[in-house]
1. Kirkwood hydrodynamic radius of chain B from all distinct Cα pairs, in Å?
2. Could you work out the helix-only [θ] at 222 nm for chain B, with each DSSP H run of four or more residues adding -39,500 (n - 2.57) and the total divided by the number of residues, to the nearest 500 deg cm²/dmol?
3. How long, wide and thick is the range A:71-162, going by the Cα atoms along their three principal axes, in whole angstroms, largest first?
4. Give me the angle, in degrees from 0 to 90, between the Cα long axis of helix A:302-330 and the longest principal axis of the Cα atoms of chain A, rounded to the nearest 10.
5. When only Cα pairs under 8 Å and 6 or more residues apart are kept, what is the percent relative contact order across chain B?
6. Please report how far the C-alpha centroid of the range A:94-127 lies from that of the range A:1-79, rounded to the nearest whole angstrom.
7. Find how much the distance from B:S378 to B:E428 grows on full extension, using 0.36 nm per residue of separation minus their present alpha carbon separation; answer in nm with one decimal.
8. For a label point 7 Å from the Cα of B:A201 along Cα→C-beta, name the residues of the range B:109-150 whose backbone N is under 12 Å from it.
Amino acid sequence: MTRYLLRQITLLFFTLLALSLFTFCLSYWFAGSAVTNSSGIFPDDPSYAAIATARGFDGGYFGQYIAYLRHLFAGDWGRSLLDGAPVFEQLIVRFGASLEIMLLALLVAWFPGVAFGVLAALKPGRSVDNTILGMSISGYSIPVFWFAQLAILLVAVQWGLTPIAGQINPLFDIPAVTGSILIDIALAQPANPQAAYYSAFMHMILPVTVLAIMPMMLLIRLTRNSMLDVLNKNYIVSSYAKGMSTRRVLWSHALPNAMQQVIRQLSNLISLLIANTFILEVIFSWPGIGNWLVRSIYERDYPVIQGGLLIIGSLILVTHVLLNLFHAWRYPQVRKDLYAAP
Amino acid sequence: MATTKRSLIKTCTAALCLPVLIACAPQSEQEATLGVLYCAEGNPESFNPQLVTSGTTLDMTAAQLYDRLIEYSHKENNYQPALAERWSIDEHGLRYTFYLRDDVQFHTTDWFQPSRPLNANDVVFSFRRWFDPSHPFHSVSGRGYPFFTASGITELIDSMKALDEHTVEIRLKQQDSSFLANLASDFAIILSAEYGHQLLAAGTPELIDQRPIGTGPFQFSDFRKDVLVRYHRHPNYWRELAASEQIVFRITQSDHKRMLMLLTQDCDISPYPPARDVEWLRQKESIELQATVSPNTAFWAFNTERPPFDDPRVRQALAHAIDRDALLRAVYFEHAVRADSILPNTSWAHHPIPDAYRFDPERARELLAEADLADGFSMDIWAIPVQRGYNPNARLMAERMQSDLARIGVRANIVSYEWSTFRRRLAEGLHDSVLIGWSADHADPDNFFRPLLSCRAKESGNNRAQWCDPLFDDLLNAAIRTELMPTRQNFYQQAQEYLAIEVPLLPIAHSVRFQASQADIEGLQLAPFGGIELRRVKHRDTQELRP
């Protein structure tokens with residue numbers, strides 16, 4: 001495991017380095033001054049010369065890259081070209097907001113996704129299976145923005161059940177510290193936390209549910225296929241032969257082994273989730289990173305584009321490696337495969 | 001094994017039920033923060049109206065955070081005392097004396113605690129900021145003072161001084177019949193000199209426009225770009241206290257989204273509902289729709305510094321190419337009238353010249369041929385990304401115009417940026433042509449000429465046509481040097497005729513401004529001039545806090 005761990009971490013280190021090299025190069029590839037593109041300070045600003053020196057622009061490219069990394073680690077990711085706000089501070093708050101609905105959606109998708117997948121696998125070819133498969137295929141093929149519009153019109157406008165914009169009723173004066181509204185409420189300690197949590201919960205229902213639909217459908221299909229494979233294995237037959245109950249066979253033998261395949265696919269699912277989060281953030285005015293990044297690309301706000309790319313790229317890489325590690329730790333046979341050992 | 005399984009199931013059940021439990025939680029606490037949600041159509045560019053001309057920023061700042069010396073009452077059609085309890089003008093119209101109230105308090109916040117009430121120093125400080133280049137704050141924020149520069153009053157003021165603690169005297173170089181109107185506009189607000197000096201000492205003068213201190217009914221609390229602006233009630237306000245404890249502006253660019261948010265009660269007030277939905281909204285019982293005939297003009301301005309728009313024949317051709325009646329139907333849904341002059345039809349100096357701007361593609365082609373452009377050319381139309389009272393959907397308008405222009409061989413591309421970027425690039429003159437407009441800040445017709453089309457306006461970046469014609473400026477100046485109505489009317493008539501020949505811009509429509517609110521909101525009034533006033537706005541019944 002240690003060897004595997006080291007290998008994965010080295011891999012992560014080098015890919016992150018490559019990513020940072022890429023964002024560093026963007027400063028040159030974008031139009032305009034590289035100093036402005038990386039720091040957000042315009043050439044007519046009195047501090048421009050000092051910033052250029054601090055970022056190593058009087059030296060070679062290597063020195064500039066080192067200075068760039070040093071600024072990254074110091075939390076100085078430049079300023080927005082549009083409003084001069086520090087990118088890193090904004091990024092943290094918005095990243096928290098995005099991460100919050102992503103994680104919640106994953107959580108919401110997980111249990112029904114796995115449960116329906118198992119249910120379908122137990123009766124392959126029967127009506128239960130067909131219904132679940134049909135549902136998952138149609139759910140998977142309907143675009144998320146359409147679902148979102150439908151949900152808004154039906155649940156919010158027609159039935160008046162939920163709000164449709166933002167994280168909380170803004171009359172609750174909750175300062176954005178982490179960006180995650182649930183954590184921020186806990187930090188702010190308002191006079192009536194119950195009402196604040198309730199408001200945040202109501203605001204979350206629509207975005208989280210809509211966001212959860214696609215991963216859920218994918219999970220159903222993954223679980224079903226992998227479960228079908230496992231159920232045909234000899235050890236399942238032998239467990240039944242030993243007189244174990246169906247429940248016991250499923251919980252202790254079939255499901256844990258089926259999950260191995262599912263977890264392997266999980267990182268694809270997370271990339272999909274991130275893309276959908278961006279779309280939903282725009283629709284539900286969720287103050288997350290996607291909303292901001294889309295705007296910055298449109299406005300050619302280079303420091304923001306760089307920061308956004310860096311953080312989203314890192315998020316995908318880190319989750320990928322973490323999933324690999326979890327996979328290897330939980331399923332020793334994977335490690336054996338990797339080491340090519342008997 | 002069985003016990004672990006059972007506990008697992010229990011944990012899962014608990015986890016699943018938790019949200020439901022939270023959802024069922026009783027909402028006993030009523031002392032929760034109460035207030036009003038206003039869905040604004042864009043980010044404020046600054047928190048100081050001196051620096052801007054955009055209605056979005058004025059709505060969110062001027063009447064909320066600040067007060068002016070005098071105010072204009074459109075009901076009584078005269079000037080009312082505000083921070084100045086009375087004023088006098090000498091017989092030549094050159095010396096204005098303002099007598100200030102002595103009970104006006106500035107905002108007390110975490111970042112500033114005033115030690116004294118408002119006095120004459122604050123007024124002098126605030127005014128000098130925009131007319132005196134040696135003032136320490138003159139170049140702070142680096143945006144210039146577009147309204148004051150464009151309307152020429154920076155050059156008009158000869159001197160200004162505090163006669164005593166509560167008396168201020170302003171001397172003008174020449175008589176100007178629009179001076180009081182300009183002082184009563186949303187731009188002539190009063191800042192705190194004490195706060196200014198404090199910031200200067202701390203080396204952070206730019207905060208004066210970012211963390212504002214004023215005397216207005218609300219004080220600044222929080223701004224998150226693209227999300228919200230939060231104000232709390234100013235507890236020591238010199239007039240009747242604001243009716244609501246809190247006002248939150250939710251920033252929502254899309255008009256459709258704002259309308260939905262109004263229906264789901266995410267907003268209490270929403271300006272500029274989509275024109276196509278106005279009739280439908282009117283029939284909704286839960287929504288109250290207000291309309292005001294605010295004097296405004298939507299226009300299409302050509303950048304007269306860029307070829308081929310420097311040729312008046314090309315501009316005339318483009319004006320004849322557009323079917324404006326079709327635009328009124330498609331974009332305004334008939335909630336507007338066709339504009340045949342830059343000056344709105346409600347003004348006493350209005351002088352329409354329909355023939356100059358009539359829809360006539362034949363004539364347009366002839367004019368283009370005269371200008372050696374018979375094969376047409378391609379150009380950009382910049383369409384404002386937000387809804388304004390004068391134009392509910394500039395994008396749609398631009399698309400319609402695209403097809404009109406194609407008929408005379410002109411290929412048009414539509415360009416748009418986020419509102420504050422848009423305005424910045426526009427002021428830099430990077431456009432070919434722009435669909436924008438102007439809403440009256442006060443009742444004087446001068447408000448539609450000098451701030452928009454004078455040479456000064458060009459310097460300040462507010463002249464969308466980048467058009468500077470000394471002859472035209474002379475007409476405008478002659479018109480403000482006199483108080484005699486018939487003479488002024490005559491000059492303005494000539495000015496409008498001159499515009500019909502030069503066509504630096506094509507007037508399109510004078511429209512009705514709409515605003516929708518929840519039925520239980522009271523105290524909301526749309527004034528024909530200037531920004532919105534929210535100090536009397538509240539929910540009729542002390543509302544339950546909605547989720």
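What follows is calculated from the coordinates using simple rules that are stated; it is not laboratory data. Being a predicted model, the structure only gives us computed values, none of them experimental. Neighbour counts run over all protein chains shown; Cβ positions are idealised from the backbone, glycine included.
1. Across chain B, the inverse of the average 1/r is 25.0 Å.
2. -9500 deg cm²/dmol
3. Principal-axis extents of the range A:71-162 (Cα, largest first): 60, 36, 21 Å.
4. 30
5. Numbers: 1149 pairs, mean separation 111.4, N = 547.
RCO, chain B: 20 percent.
6. 38
7. On the way: separation 50, 0.36 × 50 = 18.00 nm, distance 2.10 nm.
Value of the extension gain: 15.9 nm.
8. Answer for the range B:109-150: B:113, B:115.
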